[in-house]
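We did not get these values from a lab; they are worked out from the coordinates using the rules stated. All values derive from a computational prediction rather than experimental measurement. Positions of Cβ are generated from backbone atoms using ideal geometry, with glycine treated the same way; all protein chains shown enter the neighbour counts.
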Amino acid sequence: MIPPAFEYYAPHSVDEAVALLRRFNGEAKVLAGGHSLIPLMKLRLAEPAALIDINRIPNLSFIQEEGTHLRIGATTRTNDLLDSELLRRSYPILPDAAQEIADPLVRNLGTVGGNVCHGDPGNDLPACMLALGAELVTVGPKGSRTLPVSDFYKDTFVTALDPTELLVEVRVPKARARQGSAYQKIEKRVGDFAIAGAAANLLLDASGRVETAGIALTGVGPTAILASAASGALVGQSPDDQHLGHAATLAGTAADPNSDLRGPAEYKRAMASVLTRRALDRALARARGGG
Amino acid sequence: MAVSARPIAPAASLSTRSAPVVRIQVTVNGSPISAEVEPRTLLVHFLREVVGLTGTHIGCDTSHCGACTVHLDGKPVKSCTVLAVQANGRQVRTVEGLEVDGKLSAVQEAFVEAHGLQCGFCTPGMMMTATALLARNPNPTEPEVRDAIRGNLCRCTGYVNIVKAIQLAGKKMQANPTGPGGSP
């Protein structure tokens, strides 16, 4: 299969890329890893007039802590999340998810920015970023803006990103002591999109109670879902079996799955609960200094 | 290496749109190749039809099977889901580039000796992934090998001999790091 014809641009700066996006005014697509876009183009589900290849823009691929945040550049490869000692140590939810994304070959090209802003509810990083309380930094014709990822996902393949804007960076609040995070996913076969996935992020206070919590779900609704009631029910509580179980039940209630080839809706909802509990248990162990 | 610089004109296009061809230069197995391609030309088609290296196979054409795996700047990627223009100015290594001066690489020798194939269709991609794995980790455990080849499907072997072959290749490299096949 060969994609439909398009004009190809490989800008060397964010400003140049944004100027091109503005010129094509919604008719161009950004090419990062291409592992969602090129298959869509082969199937004629996407027929952009132009591709704007951002891989030659310097300084868009990085993972670093700076001030109050962890910053991840848009063209950071999925495998870079797995290879990062910093992430393994302080943000283990991201290597957890990276390990479950497609396969190692796809991960050599697939990018963090693409996974986050493609808008497919099967992408794994959106739920992680929701649970972590991340912000997205975009650049458009009117300049740069920062928006919370919780305001980003509108519907399947519909996000708050304007077609003339480029996502340049994801910012995650810097990890603190007594914080732990984890991602759990089940899939029908290796490398497939999730039947269901759950992301959990817990911060404990000095007495061991939950100070803040983030819970979000993959693949069980039109977008990644922030399970606010579930995480809210944990705040101020002891992270014991009763409270974690209650939060997991509430997460299942937040799911809004469809029945499809990956399973019936009720099965997916049940799995959203089960996986939330597993992710919470793992996140708790990590917050307490274990693995 | 004989190089044809003709542009690719895909036979069947559902789109009436056309776009100007782009001149690219790609170093393939150490040789610089310059050619004009349509932007939509996939790297696998460039390698097979322009460069004439047909060892890289087209399997599923949907980035699932890994038969088209090549190295792009040293990392294994699925060339059915990379545009040739994305490889402009970069290094590509294909299965034809594993053999050096008529000597099989350690991975190639090991796939022969351990019979790491049946029909052979997945083998070029499997060997490219194995080569990249062993460059990072010359002594992988069985789970590490199986994890590394998650993106390469084999419908014949059941993977047992492929895993054995990759581990054997690692041992060959360690036993004789400078000899024939000593490089991954």
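What to note about this one:
- Gyration tensor (Cα) of chain B, equivalent ellipsoid semi-axes in angstrom: 31, 18, 13
- Values of log10 I(q)/I(0) for chain A across q = 0.08, 0.09, 0.10, 0.12 Å⁻¹ run -0.33, -0.41, -0.51, -0.73, by the Debye formula with one identical scatterer at each alpha carbon and no solvent.
- Relative contact order of region A:63-173, defined on C-alpha pairs under 8 angstrom at six or more residues apart (%): 30 percent
- With a 10 Å cut-off around each Cβ of B:74-83, the average count of Cβ atoms from other chains is 6.
- Share of Cα-Cα pairs in region A:177-291 lying beyond 16 Å, as whole percent: 53 percent
- Here B:MET128, A:MET129 are placed in order of increasing Cβ neighbour count within 10 Å, fewest first, which gives B:MET128, A:MET129.
- Dividing the mean sequence gap of close Cα pairs (under 8 Å, 6+ apart) by how many residues chain B holds gives a relative contact order of 21 percent.
- When B:LYS164, A:LYS268, A:LYS154 are sorted by how many other C-beta atoms sit within 10 angstrom of their C-beta, beginning with the fewest, the order is A:LYS154, B:LYS164, A:LYS268.
- Between A:SER144 and A:LEU43, the simple spin-label model (points 7 angstrom out along Cα→Cβ) gives 3.6 nm.
- Using only alpha-carbon positions in region A:7-55, the gyration tensor eigenvalues give semi-axes of 19, 12, 7 Å once each is multiplied by 5 and square-rooted (largest first).
- Placing dummy labels 7 Å off each Cα toward the beta-carbon, the span from A:ALA265 to B:GLU99 is 5.9 nm.
- The gain in end-to-end length when the A:ARG176 to A:SER228 segment is fully stretched comes to 16.6 nm, 0.36 nm per residue minus the alpha carbon separation.
- For chain A, averaging the sequence separation of C-alpha pairs within contact (under 8 Å, six or more residues apart) and dividing by the residue count gives a relative contact order of 16 percent.
- Whether region A:44-115 is rounded, prolate or oblate, judged on the alpha carbon gyration tensor where a/c under 1.5 counts as rounded: oblate
- Shape of region A:124-175, Cα gyration tensor, a/c cut at 1.5: oblate
- Computed over region B:71-175, Kirkwood Rh from alpha-carbon pairs, angstrom: 14.0 Å
- Each of B:THR157, B:THR62 was scored by other Cβ atoms within 10 Å of its Cβ. Listed from fewest to most, they are B:THR62, B:THR157.
- Charged-residue dipole, Cβ positions (Lys, Arg, Asp, Glu), region A:179-287 about Cα centre, Debye nearest 20: 280 debye
- Pairwise Cα inverse-distance average, inverted: Kirkwood Rh of region B:51-107 (Å): 12.1 Å
- Global geometry of region B:93-139, whether rounded, prolate or oblate, following the gyration tensor of its Cα atoms and the 1.5 cut on a/c: rounded
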